[in-house]
1. Could you tell me whether any residue of segment 191-201 is of a type in the set (Lys, Arg) and over 19 Å from Ile321 (Cα atoms)?
2. Out of the residues in segment 134-159 that are at pLDDT below 90 and crowded, with 16+ Cβ neighbours inside 10 Å, state the one that is farthest from Thr117 (Cα to Cα).
3. Residues of segment 46-95 being of a type outside the set (A, V, I, L, M), within 22 Å of the chain's Cα centre (by Cα) and part of a loop (DSSP other than H, G, I, E, B), which ones?
4. Please state which of the following conditions Ile303 fails to meet, knowing it meets all the rest: (1) closer than 22 Å to Phe188 by Cβ; (2) β-branched (Val, Ile, Thr); (3) open to solvent by 10 Å² or more (accessible area, probe 1.4 Å).
5. Being free of Cβ contacts under 8 Å to residues at least 12 places away in the same chain and more than 30 Å from Glu262 (Cβ to Cβ), is that true of even one residue in segment 95-116?
6. Any idea which of (1) in a loop (DSSP other than H, G, I, E, B); (2) open to solvent by 30 Å² or more (accessible area, probe 1.4 Å) is the one Thr318 doesn't satisfy?
7. Residues of segment 234-289 being without any contact (Cβ under 8 Å) to a residue 40 or more places away in the chain and among the aromatic types (Phe, Trp, Tyr), which ones?
8. Please indicate, with yes or no, whether at least one residue in segment 1-23 is surrounded by fewer than 19 Cβ atoms within 10 Å (Cβ to Cβ), of a type outside the set (S, T, N, Q) and at pLDDT 95 or above.
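The values are calculated or read from the model by the stated rules, or taken from the named source; none is laboratory data. This is a predicted model, so every value here is computed, not measured. Here Cβ is always computed from backbone atoms with ideal geometry, including for glycine, and neighbour counts include all displayed protein chains. Ligands, DNA and RNA are excluded from the accessible area calculation, which covers all protein heavy atoms including side chains. Shrake-Rupley method; radii C 1.70, N 1.55, O 1.52, S 1.80 Å.
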Amino acid sequence: MKNLLAVALLSVFFISCNSKNTKLTLKESYSRINFLTIVIENNLWKGQVGDSLRDIIAAPVLGLPQEETQFSVNQVSPAAFSNLFETNRNILFVGVSEKEGYFLKKDVYAAPQLTMTIFGKDENSLTALIQAHKKDIISVFKESDLKNYQKENIKNSYEIKEIKTLNKLGVSIKIPRNFAIVDDTGDFLWLRQDITKGSLNIIAYALPLMEKDSIANNIVKARDSIGKNHIPGPADGSYMVTEAAYTPFTKEVVIDDKPTFETRGTWDVKGDFMAGPFLNYTVLDKKNNRLLVVEGFTYAPSINKRDFMFELEAILKTLKI
C-alpha cells in the first residue's frame, strides 16, 4: 500500500505538471514564508527518514540571538493529502518507490508553488538521497520564498530620486514605502518600519575600496564605526555596536553580479539594554572604487525574528548599482 500511494503521488505529480490546461485554472497558493508541507507516510516520518529530515529542517538559522529552525513544518500522510494542502506554496514529497530520484516542479496544484519530490527504493536509499540533497531542501525553498516575497510585497517602493543617499550613491533598492526615513544625509541612509514590538531597519552607505582579502576582517570594525556615528541608542551616549560575545558568520555571495560578503550576526547597544540580529552585505564595487554596504537589522524583543530577517534579506537583494 505504501508503494502504491507513492507511485500514485508521482503519477499525479507528472500529469499535473505536463498539463497545459491545468495552468490556466490553477488556484492561488497561500502560506507564510519559511513554511514547508512535507507529504510522507507516518511510519517513515517517525523513523530514520524523518530523523534525517528533522536534522536538516531543525538546523538553526545563522545570526539569530535565539535558535530558530529553517522552516515551520506541517507533516501530512499521502492518504490525507487533499485540497486543503494543495494550495500550500512549498511542498516536499518523500516516499519509498521503484521510481527513485529527485524532482523539482513549479505550479503543480496552485500558483505560485514549488514542489520537490525525493523517492528512494528503500528507507536506506531514501535517507541517502535526502542527505545528498540536504542543501537543496533549504536553498531551493528559501530562494523560491525570496522571489515570491519580492514580487508580492515590494510593489509600492521608493524611487531613487526621493532618497538623497541612494541618488548620490547611484544605486536602487526596492524599499517599501511603509519604511519611514529616519536619516538621509546623502552619505548615510537609515529607514525604519515600526512593528507591534520593535522595528525593522535598513541602512546604506559606502566605504573606501580595500583589497578583497581584507574586507571580511574589517566588516565589524566598519559597522561599529557607523553605529557610533549614526545610530544612537535611547540613553545619552549609547549607540549600536556588534555583539562582542558572538562571532558573526561571513561568507561570499554575489549581488548584482558583484562579489559580496554576507555577514550575519547580532548587535547590541553600548550603554543600554537593546539587542537583535543583523544582516550585512558589503559589495565589492571596483568600477566605482568603493565598497557599498547595505544592511538590515531587527529590534523585536521577546518574539521570533527569523521571518523579519528574511523580509529584510528579500529587500536588500533587490540592490542594483
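1. Of all residues in segment 191-201, those of a type in the set (Lys, Arg) come to 192, 197.
Next cut, over 19 Å from Ile321 (Cα atoms) only: 192, 197.
There is at least one residue in segment 191-201 that is of a type in the set (Lys, Arg) and over 19 Å from Ile321 (Cα atoms).
2. Per the criteria, the residue is Ile154.
3. Once the filter is applied, which keeps residues that are of a type outside the set (A, V, I, L, M), within 22 Å of the chain's Cα centre (by Cα) and part of a loop (DSSP other than H, G, I, E, B), segment 46-95 yields Gly63, Pro65, Gln66, Glu67, Glu68, Gln70, Phe71, Thr87, Asn88, Arg89.
4. Answer for Ile303: the failing condition is (1).
5. Taking every residue of segment 95-116 in turn, none turns out to be free of Cβ contacts under 8 Å to residues at least 12 places away in the same chain and more than 30 Å from Glu262 (Cβ to Cβ).
6. (2)
7. Within segment 234-289, Tyr239, Tyr246, Phe273, Tyr281 meet the criteria.
8. Checking segment 1-23: not a single residue is surrounded by fewer than 19 Cβ atoms within 10 Å (Cβ to Cβ), of a type outside the set (S, T, N, Q) and at pLDDT 95 or above.
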